[in-house]
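K.L.:
Quick one: the structure is below, questions incoming.
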Amino acid sequence: MVRLLIVVIGLVFTSGLKAQEWFPVGATWYYNQIILLQGETYVQFEVTGDTILQGKNCKILSGGCSCAAPGPGGYFYQEGDKVYAYDAEADSFRVFYDFTLEAGDTIVFEGDSLVGGNGYFLIDSITTMQFGSETRRVQHLTHLAFDIVWGNKIIEGIGSNGCMYPQVSFCDPSTGGLRCYEDDQVGLINFQVPERSCTYITSDVKDPEVLPVLKLYPNPASDYIRIQSEEPIQQLTLF
């Protein structure tokens, strides 16, 4: 019942939304990247300009994820709620992001059978996120095939929260976790909790230390709990 309610709410809120612009020139993404024997760093994507390819007005996207499944390669164009990616090997465009799909539909990523095959992603629900004055739809995904992974959300106008492109799951090291996104429409969005540098590198930048403010234990509890606070408690409500 809860899952059905989420879907209905998502559809009600999204029914009146207009298609958002994907890949405006200057848009930048930062994703987590793990380097073996070195630790955590990041990969960056950026829309560097426009071009005409096969008669389509395309955006040029630079950057890449480690272990990205073959196929899409740097050129995208938008038609309404669909974004098409250029497949250099096939010399053709194919649907990459599709917000005409609804909860219960399946996204199919056509991969290379030698390194993972196709990826299948079920859209569990569609909700919205607010970025300033911008309302964006969000497709929540469940992976139906182990070989290809793609995060668990696709955010309208931004893309996957796992990596820009689907990835081969058995590859190590991996890329994953959208840190930051920035463009002229929504400004800078930091997706990290707590927020940290978009260009975080293990060797020279450390995450800010987060000190606990309140402790409640034991958990679970059957007859009593203890509450410890580093600051005076003005109000406390337990459910």
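The values are calculated or read from the model by the stated rules, or taken from the named source; none is laboratory data. In this text, all values refer to a predicted model and were calculated from it rather than measured experimentally. So basically every Cβ, Gly included, is an ideal-geometry build from the backbone, and we count neighbours across all protein chains shown. Heavy atoms of the whole protein, side chains included, go into the accessibility calculation; ligands, DNA and RNA do not. Shrake-Rupley method; radii C 1.70, N 1.55, O 1.52, S 1.80 Å.
K.L.:
Using the structure shown, decide if Gly73 is touching a strand residue (DSSP E or B) at 6+ places or on another chain (Cβ under 9 Å), open to solvent by less than 40 Å² (accessible area, probe 1.4 Å), free of Cβ contacts under 8 Å to residues at least 24 places away in the same chain and of a type outside the set (D, E, K, R).
P.N.:
yes
K.L.:
Taking the condition of being at pLDDT 95 or above and open to solvent by less than 10 Å² (accessible area, probe 1.4 Å), how many residues in the range 112-125 meet it?
P.N.:
1
K.L.:
OK, next. Considering (1) touching a residue at least 24 places away in the same chain (Cβ under 8 Å); (2) assigned to a loop (DSSP other than H, G, I, E, B), say which one Arg196 fails and leave the rest.
P.N.:
In the conditions (1) touching a residue at least 24 places away in the same chain (Cβ under 8 Å); (2) assigned to a loop (DSSP other than H, G, I, E, B), Arg196 misses (1) alone.
K.L.:
Those residues that are in contact with a Cys (Cβ under 8 Å, 6 or more places away or on another chain) and not hydroxyl-bearing (Ser, Thr, Tyr), I need them from the range 44-97; list them, please.
P.N.:
Hits for the range 44-97 are Asp50, Ile52, Cys65, Cys67, Ala68, Phe76.
K.L.:
Moving on. Hey, which of the strands (runs of 3 or more DSSP E) in the range 33-101, taking only ones fully inside, have at least 2 residues that are more than 20 Å from Asn118 (Cβ to Cβ)?
P.N.:
Because the criterion is at least 2 residues that are more than 20 Å from Asn118 (Cβ to Cβ), the strands (runs of 3 or more DSSP E) in the range 33-101 that meet it are 39-53, 56-62, 72-79.
K.L.:
How about the range 139-189: which of its residues are aliphatic (A, V, I, L, M), surrounded by fewer than 18 Cβ atoms within 10 Å (Cβ to Cβ) and closer than 24 Å to Glu102 by Cβ?
P.N.:
Once the filter is applied, which keeps residues that are aliphatic (A, V, I, L, M), surrounded by fewer than 18 Cβ atoms within 10 Å (Cβ to Cβ) and closer than 24 Å to Glu102 by Cβ, the range 139-189 yields Leu144, Ala145.
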